[in-house]
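Since the structure comes first, as structure tokens, the remarks are kept for the end.
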Ligand code: FES
């Protein structure tokens with residue numbers, strides 16, 4: 001078990017914590033701030049994908065999870 005934690009926020013991004021490599025579809029590494037959490041867009045509207053830029057707050061995104 002790794003020490004990576006991904007938290008799904010109630011109304012926005014995925015918060016990623018821990019030692020993890022973020023890569024694109026070709027396997028190229030995407031830089032993140034070492035030792036700091038980063039936030040991935042979940043709404044699809046960020047201008048800075050794959051990272052969240054806060055647009056989820058104004059685009060009408062409904063981040064509630066479906067019934068389990
Ligand atoms: S989740 Fe924040 S901009 Fe998409």
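Read-outs: derived from the displayed coordinates by stated rules, not from any lab. Every value quoted in this text rests on a predicted model; they were computed, and no experiment measured them. Note that each Cβ is placed from the backbone with ideal geometry, even for glycine, and that neighbours are counted across all protein chains shown.
Points worth noting:
- The largest-to-smallest principal axis extents of the Cα set in the chain are 31, 28, 22 Å.
- Residue of 45, 17, 26 that the Gaussian network model of the chain assigns the largest fluctuation, springs spanning Cα pairs under 10 Å: 26
- Fully extended contour minus Cα-Cα distance, from residue 19 to residue 32, at 0.36 nm per residue: 3.6 nm
- Inter-label distance, nm, simple model (7 Å from Cα along the C-beta direction), residue 7/residue 48: 1.9 nm
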